[in-house]
Every structure is written in C-alpha cells, then in structure tokens.
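Asker: Handing you this structure, nothing more for now.
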Amino acid sequence: MERLETDLLVLGAGVAGVYGALAAEAEGARILLLSKDPLPSGSTPWAQGGVAFPLDEADLEAHLLDTLRAGRGLVDPAVARSILEEAPRHLERLLALGLPFHPEPTREGGHSRPRVRHLGGDRSGLLLLRGLLARLRSPVLEGYMAASLLLSGGRVVGALVLSPGGPLWVRAGAVLLATGGFGRLYPVTTNPKGATGDGMALAWRAGGVLRDLEFVQFHPTALPDGALISEACRGEGAILLNAHGERFMPRYDPLGELAPRDVVARAVHRERERTGGVYLDLRPIPNLRERFPTVVASALALGLDPFREPLPVAPAAHYAMGGVRTDLRGFTGVPGLYAAGEVASTGFHGANRLASNSLLEGLVMGERAALAALGDLAFPKGAEPLPALSLDPGLLPALREAMGREAGVVRRGEGLKRALDLAEGLPLLERPPQEVAREEVEAGNLLLLARLLLRMALLRRESRGGHFREDFPGEGEEAYHLEARGQEVRPSPL
Ligand SMILES: Cc1cc2nc3c(=O)[nH]c(=O)nc-3n(C[C@H](O)[C@H](O)[C@H](O)COP(=O)(O)OP(=O)(O)OC[C@H]3O[C@@H](n4cnc5c(N)ncnc54)[C@H](O)[C@@H]3O)c2cc1C
C-alpha cells in the first residue's frame with residue numbers, strides 16, 4: 001500500500017482546516033490537507049450570512065450576552081469570552097490578506113445589533129474559502145477520504161485513506177480533524193453531501209469523547225430542496241407569513257423574525273402544522289438581486305419567483321452544536337488528535353448556535369488547534385489502523401426518515417424511543433478500512449452518531465423534559481453537557 005508522511009495531517013479543507021493550515025505552514029512545518037470532495041468543499045463555501053465579529057470592546061460584552069442567550073444556558077462563558085476576545089485579531093488578519101469583507105456589518109437573528117460581516121452579497125463562505133485557499137501553499141489532496149485513524153500505543157499517528165488510486169497510509173506527527181458536521185443524517189438538510197460526521201466517528205473510535213450530539217440546529221427557512229435562505233434576509237426586512245397570509249413571529253417572540261433560530265424554527269414548524277404552510281416574503285428587501293444573488297438563483301431554479309410571490313419554506317437540519325469535546329487549544333484528550341470547526345464541541349455554542357458564530361469559531365479554533373498540534377508532534381514506530389465502521393448504504397433512507405420524523409425540530413419521548421429501536425436494529429459492522437467503500441463508511445458513521453444522538457436526547461428528556469424548553473435551564477436547575485464515552489452516555493457538569 002502506498003505511504004505518505006507529513007508533520008501535520010489536516011482532515012478537511014473548510015474554514016477550520018485551511019485557516020489552521022495557513023497558520024501552521026507559516027511555522028515552517030510540512031502540512032498535508034485531505035478533502036474527500038472536490039474543492040471548494042464542505043459547508044464553508046455554502047455559508048451566506050457571514051462571520052460575526054464584535055464591533056469593539058464594548059460590543060464584546062453584548063456579543064457575549066447574545067451568545068449566552070442563544071445557547072440556552074449551555075454555553076461555557078469562559079470559552080465564549082476567550083473566542084470572542086480573539087476575534088478582532090482575525091478580522092484584521094483577513095482584511096490584511098485582502099479578503100473583500102463588506103464595510104457595513106449586517107444583523108442576523110439573536111444579535112442585538114448589526115455585527116455580521118459578509119462578502120460578495122450572500123457568497124460569504126465561498127469568497128472567504130477561495131481567498132484562504134489562494135494563499136495556501138500546502139497541498140490539498142482532493143477525493144481523499146480518511147476511513148480510519150492509525151494508532152500506535154494509544155497515540156494517533158495518521159490515517160488510513162481511501163483515494164482515487166486505492167487505499168493509502170498517511171503517517172503524521174499529529175492529526176487535526178476539521179471534517180465538519182453531520183446534517184446528512186436528516187432527510188432535509190442545508191448541508192452538502194459530505195456532511196456525514198466522519199471526524200466525530202473517527203475520534204470516538206480512537207477513544208475521544210462526543211458531547212451534546214442531540215443539539216442539532218434546524219434552520220428555519222430552507223426551500224423545499226434544502227437550499228438555504230439566509231437569516232440575513234430577515235435581518236434586511238423579509239417577513240414570515242403562514243398559509244392564511246398572517247405575520248406570526250411577533251406572537252412567538254418580541255424580536256419577531258429576528259428571534260434566535262430555535263425559536264423561529266419551532267414557530268415555523270408549528271404554523272406549518274396549524275395552517276398548512278409557511279412562506280417567506282423577500283419583497284421588502286431593497287436591492288434583493290444584488291444583495292442575495294444565491295437566494296434568488298436557488299428560488300428561480302425551483303420555478304419560484306421571489307420578486308412576485310412569497311417563497312414556501314420549512315426548517316432543515318443545519319448545524320451540529322455538539323461534536324468531539326476539545327479544550328481551548330483544540331486538544332481532544334487523545335494523544336496526537338486535535339479538532340476544530342463544526343466537528344468539535346468547545347462549549348461556544350451551547351444548545352443553540354448564535355448566527356454566524358460558527359465561521360468565527362472555525363477561524364479562531366482552526367488556528368489554535370493547528371498550532372497546538374505542531375507543538376505536540378511525535379513519530380513513534382509502528383502503527384495499526386482501527387477497523388472502519390460500515391453500514392449498507394441502502395439502509396440509510398429508513399434511518400433518515402426516522403430521524404426527520406422523530407428527532408427533528410419537535411421531539412417526543414415515544415418517537416425518540418422508536419427511532420432508537422430502529423437505529424439499534426440496523427447492522428453496524430467493523431471492517432478492515434482498506435476493504436470498504438466510501439458510501440459504506442459514511443453510512444456507518446451516520447448510524448453511530450444517530451444511536452448516540454438519540455440516547456443523549458432521551459436522557460436529556462428523561463432528566464429535564466426536553467432540551468428546547470424556552471426557559472432552559474429552569475430556575476434552580478443546573479446546566480450540564482451530555483457526553484458519550486465508550487458505550488456510556490452521561491451528564492458532565494459545566
Ligand atoms: C448552507 C449553509 C449556510 C451557512 N451559513 C453560515 C453563515 O453565514 N455563517 C456562519 O458562521 N456559519 C454558517 N454556516 C455554518 C458554517 O458554514 C459551518 O459550520 C462551517 O463552514 C464548518 O466549517 P468546517 O471547516 O468545520 O467544515 P466544512 O466547511 O464543512 O468542511 C469539511 C471538510 O472536511 C472534508 N471531509 C469530511 N470528511 C472527511 C474525511 N473523512 N476525509 C477527508 N476529508 C473529509 C470535506 O471534504 C471538507 O473539505 C452555514 C452552513 C450551511 C450548510
């Protein structure tokens with residue numbers, strides 16, 4: 001089998017992986033990035049709204065409060081402060097690199113003032129990632145997927161990779177997971193097809209801890225095919241209407257259309273059930289075509305005309321708040337293994353991510369994790385690949401359908417149990433990673449995450465009556481994260 005060797009192996013070439021690699025290569029290290037899909041890959045190029053940066057020192061406190069409020073009592077305040085304090089340095093760096101941020105910040109749901117910086121109208125993630133990739137000197141191997149990690153005496157020393165030319169060993173002094181989220185566990189999602197939670201499954205298999213998987217953010221306004229209509233549209237005047245043509249958001253929250261995402265998603269879900277449909281009217285937005293070219297194109301592609309009529313919308317799985325538990329340096333606790341971006345759980349997002357805080361976290365933690373990994377390179381002798389997880393991909397539609405029905409925006413205990421029974425009944429296999437196909441590994445990874453997510457959701461429900469309670473955590477209640485170690489799922493105090 002072909003072998004490659006590098007100092008730092010970065011799995012993933014979205015914002016966290018590429019920005020981290022840029023910092024690490026400046027230190028003179030050998031960096032190798034893998035992307036299982038052709039560039040620009042991952043969720044990053046699909047991001048429309050932008051990146052949230054505190055406007056100034058006074059706004060840092062307000063940004064922190066907005067983050068805490070959106071996170072429903074589960075944000076780790078010290079983590080959030082640490083990330084927000086570092087944010088201005090990254091904005092300066094990106095501006096110095098020549099990235100074309102619009103000078104005027106915009107406002108998104110849950111933010112008490114406009115502080116989201118966008119690029120190219122609604123092409124924020126694409127322009128950000130293209131700009132970073134253009135400055136990267138390290139190689140990115142496209143179509144290379146990590147199917148399992150290599151271990152030597154408990155330390156992660158590389159990955160076994162499925163490549164267009166066959167399986168391949170990549171030995172590395174340390175590995176940075178930057179593989180994104182797992183939206184593809186759901187039947188309707190805004191995520192790209194590669195969002196199958198690979199990094200979370202890889203970390204779990206190597207002994208890492210997965211945390212808060214049940215906190216999946218549903219974006220309130222996706223078109224019927226899952227194409228996203230950015231929250232920034234509501235920030236700039238778009239309004240939500242039910243099937244009777246009534247504006248309903250002010251009944252649910254004083255912030256109306258700009259309430260935090262979970263509130264809007266639940267309201268959209270309820271109004272769809274109650275009245276038969278929900279529509280987003282984009283016509284109040286001035287310069288709609290110039291400001292939101294992607295949204296306009298997505299609607300026209302479905303035969304919908306946003307200049308003439310409100311567009312049908314529904315909630316779609318959008319962002320994984322949970323993931324691989326890391327500290328503030330991106331360390332997973334497994335020697336040699338670091339994680340940053342959506343794959344990781346730092347405690348920044350709590351139970352519900354504040355809009356546009358994720359690209360920010362990808363920047364700050366991508367750089368920190370890559371630099372911490374560089375300070376921790378080791379090249380022990382010998383290595384064994386862990387077995388890869390595998391599921392017949394033909395069984396995925398039934399799992400997805402159950403997740404959408406029972407573990408979507410609104411969850412009930414009986415439904416969660418039904419979905420868990422189904423997930424536990426599917427045959428999850430361990431196979432030699434050089435013998436599996438990409439689709440089998442992705443399906444296996446999704447099944448593992450479904451089982452753990454459902455167990456966490458049930459445990460949270462049993463102990464407190466459901467995670468999206470509006471008063472969460474209630475007075476006198478203690479907030480805690482749910483962690484999975486080995487087969488055990490248990491609470492861990494903040
Ligand atoms: C439609 C949409 C709009 C969004 N809008 C915003 C926004 O406006 N602001 C904001 O802050 N956030 C937004 N988000 C969320 C944000 O885009 C993501 O959380 C963020 O981009 C994740 O970055 P990442 O680097 O962690 O992973 P990603 O950008 O998802 O990249 C993952 C990378 O890992 C690779 N990969 C995955 N598995 C493997 C494997 N096994 N082996 C090798 N490579 C692998 C992929 O090919 C890809 O290169 C949006 C998300 C979506 C889907």
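Asker: Filter region 370-398 down to the residues that are part of a helix (DSSP H, G or I), touching a helix residue (DSSP H, G or I) at 6+ places or on another chain (Cβ under 6 Å) and open to solvent by less than 20 Å² (accessible area, probe 1.4 Å) and list them by number.
Answerer: Across region 370-398, the qualifying residues are 370, 396.
Asker: Assuming residue 9 fulfils every condition listed in (1) more than 16 Å from the ligand (Cβ to nearest atom); (2) at pLDDT 95 or above apart from one, which condition is it?
Answerer: The number of the failed condition is (1).
Asker: Turning to a different aspect of this structure: What pairs come up if the first residue lies in region 1-15 and is more than 12 Å from residue 40 (Cβ to Cβ) and open to solvent by less than 30 Å² (accessible area, probe 1.4 Å), the second is assigned to a strand (DSSP E or B) and of a type in the set (D, E, K, R), and their beta carbons are under 8 Å apart, counting only those six or more places apart or on different chains?
Answerer: Matching pairs, first to second residue: 6/171.
Asker: Now a separate question. When you check residue 449 against the structure, is it in contact with a Gly (Cβ under 8 Å, 6 or more places away or on another chain) and more than 24 Å from residue 270 (Cα to Cα), yes or no?
Answerer: On the way: in contact with a Gly (Cβ under 8 Å, 6 or more places away or on another chain): yes; more than 24 Å from residue 270 (Cα to Cα): yes.
The answer is yes for residue 449.
Asker: Any residue in region 112-131 that is open to solvent by 20 Å² or more (accessible area, probe 1.4 Å), in contact with a Lys or Arg (Cβ under 8 Å, 6 or more places away or on another chain) and within 19 Å of residue 354 (Cβ to Cβ)? Steps first, answer last, please.
Answerer: Just the residues of region 112-131 that are open to solvent by 20 Å² or more (accessible area, probe 1.4 Å), to begin with: 112-114, 117, 120, 123, 126-127, 130.
Among the residues that remain, those that are also in contact with a Lys or Arg (Cβ under 8 Å, 6 or more places away or on another chain) are: 113-114.
Within this subset, residues satisfying the condition of being within 19 Å of residue 354 (Cβ to Cβ) are 113-114.
Checked region 112-131: at least one residue is open to solvent by 20 Å² or more (accessible area, probe 1.4 Å), in contact with a Lys or Arg (Cβ under 8 Å, 6 or more places away or on another chain) and within 19 Å of residue 354 (Cβ to Cβ).
Asker: In region 60-85, which residue that is more than 19 Å from the chain's Cα centre (by Cα) and among the small types (Gly, Ala, Ser) is surrounded by the most Cβ atoms within 10 Å (Cβ to Cβ)?
Answerer: The extreme case among them is 73.
Asker: Shifting gears a bit: How many residues does region 243-275 contain that are part of a loop (DSSP other than H, G, I, E, B) and either on the phi < 0 side of the Ramachandran plot or open to solvent by less than 20 Å² (accessible area, probe 1.4 Å) (or both)? So that I can check it myself, show each step before the final result.
Answerer: Start the filter on region 243-275 by keeping residues that are part of a loop (DSSP other than H, G, I, E, B), which leaves 243-246, 248, 253-255, 259-260.
Retained after the next criterion (residues that are either on the phi < 0 side of the Ramachandran plot or open to solvent by less than 20 Å² (accessible area, probe 1.4 Å) (or both)): 243-244, 246, 248, 253-255, 259-260.
So the answer is 9.
Asker: Residue check: is residue 131 more than 10 Å from the ligand (Cβ to nearest atom) and at positive phi? Step through it out loud before you land on a result.
Answerer: Working: more than 10 Å from the ligand (Cβ to nearest atom): yes; at positive phi: no.
Taking the combined requirement at face value, the residue does not satisfy it.
Asker: Filter region 87-127 for residues that are free of Cβ contacts under 8 Å to residues at least 60 places away in the same chain and assigned to a strand (DSSP E or B) and give the result.
Answerer: The one that is free of Cβ contacts under 8 Å to residues at least 60 places away in the same chain and assigned to a strand (DSSP E or B): 101.
Asker: Next question, about the same structure. Counting only residues that are closer than 30 Å to residue 330 by Cα and in contact with a strand residue (DSSP E or B) (Cβ under 6 Å, 6 or more places away or on another chain), how many does region 221-245 have? Walk me through it before giving the result.
Answerer: The initial filter retains those residues of region 221-245 that are closer than 30 Å to residue 330 by Cα, namely 228, 230-232.
If we keep only those that are in contact with a strand residue (DSSP E or B) (Cβ under 6 Å, 6 or more places away or on another chain) as well, we get 228, 232.
The qualifying residues number 2.
Asker: Look at residue 21 and say whether it is part of a helix (DSSP H, G or I), open to solvent by less than 10 Å² (accessible area, probe 1.4 Å) and either modelled with pLDDT of 95 or more or more than 9 Å from the ligand (Cβ to nearest atom) (or both). Don't jump to the end; show me each part of the working.
Answerer: Values: part of a helix (DSSP H, G or I): yes; open to solvent by less than 10 Å² (accessible area, probe 1.4 Å): yes; either modelled with pLDDT of 95 or more or more than 9 Å from the ligand (Cβ to nearest atom) (or both): yes.
Spelling it out, residue 21 is indeed part of a helix (DSSP H, G or I), open to solvent by less than 10 Å² (accessible area, probe 1.4 Å) and either modelled with pLDDT of 95 or more or more than 9 Å from the ligand (Cβ to nearest atom) (or both).
Asker: Can you tell me which residue in region 188-206 is surrounded by the fewest Cβ atoms within 10 Å (Cβ to Cβ), limited to those that are more than 8 Å from the ligand (Cβ to nearest atom) and farther than 14 Å from residue 317 by Cβ?
Answerer: 205
The rows are residues; the columns are (1) surrounded by 19 or more Cβ atoms within 10 Å (Cβ to Cβ); (2) among the acidic types (Asp, Glu); (3) not assigned by TED's automatic domain parsing to the domain that holds residue 338.
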| residue | (1), (2), (3) |
| --- | --- |
| 350 | yes, no, no |
| 355 | yes, no, no |
| 417 | no, no, yes |
| 427 | no, no, yes |
| 434 | no, no, yes |
| 439 | no, yes, yes |
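Asker: Which one of the conditions (1) farther than 22 Å from residue 126 by Cβ; (2) in contact (Cβ under 8 Å) with a residue 60 or more places away in the chain; (3) aliphatic (A, V, I, L, M) does residue 39 fail to meet, given that it meets all the rest?
Answerer: Only one criterion is unmet by residue 39, namely (1).
Asker: In region 26-59, which residue that is surrounded by fewer than 20 Cβ atoms within 10 Å (Cβ to Cβ) and charged (D, E, K, R) is nearest to the ligand (Cβ to nearest atom)?
Answerer: Only one residue tops the list, namely 37.
Asker: How many of the residues making up region 342-362 are assigned to a loop (DSSP other than H, G, I, E, B) and either without any contact (Cβ under 8 Å) to a residue 12 or more places away in the chain or of a type in the set (D, E, K, R) (or both)? Steps first, please.
Answerer: We begin by selecting, within region 342-362, every residue assigned to a loop (DSSP other than H, G, I, E, B); these are 346-356.
Going one step further and asking which of them are either without any contact (Cβ under 8 Å) to a residue 12 or more places away in the chain or of a type in the set (D, E, K, R) (or both), we end up with 353.
Total satisfying the criteria: 1.
The values are calculated or read from the model by the stated rules, or taken from the named source; none is laboratory data. The model shown is predicted, which means the values in this text are computed figures rather than measured ones. No Cβ is skipped: glycine too gets one built from the backbone with ideal geometry, and neighbour counts run over all protein chains shown. Ligands, DNA and RNA are excluded from the accessible area calculation, which covers all protein heavy atoms including side chains. Shrake-Rupley method; radii C 1.70, N 1.55, O 1.52, S 1.80 Å.
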